[in-house]
Amino acid sequence: MSYDRVEVPADGERITVDEDGELDVPSNPIIPIIYGDGIGKDVSPAAQQVLEAAAEATGRSINWMRLYAGESARERYDENLPEETVEAIREHRVAIKGPLTTPVGSGFRSLNVALRKKLDLYANMRPTYHLDGVPSPVTHPEKMDMVNFRENTEDVYAGIEWEAGTDDAERVREFVEEEMGFGDTIHDGPVGIGLKPISEFGSKRLIRQAIDYALRNGRDSVTLVHKGNIMKFTEAAFRDWGYELAAEEYGDEVITEDVLWDEYDGEAPDDVVVVKDRIADNMLQQLLTRTEQYDVLAMPNLNGDYLSDAAGAQIGGLGIAPGANLGEGACLAEPVHGSAPKYAGEDKVNPTAMILSGRIMLEQLGWDDAADLVRDAVEATISSGKVTYDLHRQIEGGTKLATSEYAEAVVENIHELA
Ligand code: NAP
């Protein structure tokens, strides 16, 4: 398509998809980037610099295409999420974004959620691993090496809800209590009501992404995390569809935990992924008590939201935690943290989460050598004590760097390690 208010870089080529649905990536791809609101203007250029250096060090180039959403889009287009931005990401398949502000309670709905929905990026993937030198609240942060897959499009996040005191909320109450036979179950007086759809289609495609990832990356297990003991027709259904999918589509490559114990005495054969399930509250404590037994996790939206932040805290918190939203032949990488408006433009915050989100993006491109280089260079920088304010306050004797200085230090390490 032609673009009105954004420039397409002249030197780059578009990523396409082959007949098997696999990405076909040139060595000079065009990569869309949204800087984002607040600290987006600090962390995004820092990440660009690091990712460019890793691409160049491995014989490639990245051709950035700046796109706009949130505040920058309001300035340019007078709207929050221009269609041009959505279309450009759709067309170029792999992109990266900084955080976008969402007003609480009133105002517009989350632009992050809108982007994921419009592009059908149904899986939120968060690799959670410890880097040497990063301070952590737990004694053995290195035990965590987990990849969380969180469903992005349904559950209580689908946005189907009715405000207390409205006619619509009263109509839903009446329908539920009278027509559906739930009697007088909802308290009298104003009540807000939300719907929690969890579908076979949505559950299976998310769990498929998780199992495929585990098989591709030699991971040992996929754990389905649910609250099925209480929510039998939504959360328990998610688990059941997961086991069904494993049996239907993966043959001997995937076994259940029961089979693991019945037939293999607890020792899984190589190249086999074990599918197991855990109730969400138990899983939250096992994150801390049996960290090393968990590998890839697949979860409905709300469980995934809580659990991936809790896991992120164990390996150093928000300044570090990367993420990406995945669809069919599509990836939008983004850090877990928000726009932290109080630090915007101060050249202060930690760009590691954005840089490591870029690392996921490089892996999606199939540039594993460049991705590993980014990880190793970040680790070398932090373990030499060169850190931003957030980590500096937690370690002794480090050097406190600005966002831009930290990015330069990582680039220097890329040159040294390449
Ligand atoms: P936040 O922006 O993530 O910031 C919360 C706190 O986390 C900051 O005050 C800071 O803690 C720390 N932090 C976050 N990013 C950091 C970084 N890069 N380096 C160092 N420290 C970092 O969360 P929030 O204040 O709840 O949300 C602000 C806005 O962001 C909201 O509008 C929210 O909706 C939005 N949001 C967007 C996304 C997204 O775009 N995907 C995700 C989450 C939230 P200290 O002050 O203690 O140092």
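The values are calculated or read from the model by the stated rules, or taken from the named source; none is laboratory data. Predicted model only: the values in this text are computed from it and were never measured. Here the Cβ positions follow ideal geometry from the backbone for every residue, glycine too, while neighbour counts run over all protein chains shown. Accessible surface is based on the protein model in full, side chains and every heavy atom, while ligands, DNA and RNA are left aside. Shrake-Rupley method; radii C 1.70, N 1.55, O 1.52, S 1.80 Å.
Points to keep in mind about this one:
- Filter pass, Glu52 being open to solvent by 20 Å² or more (accessible area, probe 1.4 Å) and under 29 Å from Gly202 (Cβ atoms): no
- Tally, over the range 377-404, of residues that are away from the ligand (no atom under 14 Å from the Cβ), open to solvent by 70 Å² or more (accessible area, probe 1.4 Å) and closer than 21 Å to Pro45 by Cα: 1
- The range 324-359 - residue that is out of contact with any helix residue (DSSP H, G or I) (no Cβ under 8 Å at 6 or more places or on another chain) and open to solvent by less than 30 Å² (accessible area, probe 1.4 Å) and, of those, farthest from the ligand (Cβ to nearest atom): Gly329
- Residue in the range 162-182 that is more than 28 Å from the chain's Cα centre (by Cα), hydroxyl-bearing (Ser, Thr, Tyr) and open to solvent by less than 60 Å² (accessible area, probe 1.4 Å) present: yes
- Output for the range 5-48, where each listed residue is modelled with pLDDT of 95 or more, of a type in the set (Asp, Glu) and open to solvent by 40 Å² or more (accessible area, probe 1.4 Å): Glu13, Asp24
- Where Ser308 falls short, out of the listed (1) open to solvent by less than 10 Å² (accessible area, probe 1.4 Å); (2) within 15 Å of the ligand (Cβ to nearest atom); (3) out of contact with any Asp or Glu (no Cβ under 8 Å at 6 or more places or on another chain); (4) not assigned by TED's automatic domain parsing to the domain that holds Val273: (4)
- Every listed requirement among (1) over 23 Å from Gln394 (Cα atoms); (2) outside the structural domain of Lys118 (by TED's automatic domain parsing); (3) in contact (Cβ under 8 Å) with a residue 60 or more places away in the chain is met by Leu288 save one, (1).
- Breaking point among (1) surrounded by 18 or more Cβ atoms within 10 Å (Cβ to Cβ); (2) within 21 Å of Asn112 (Cβ to Cβ), for Ala57: (2)
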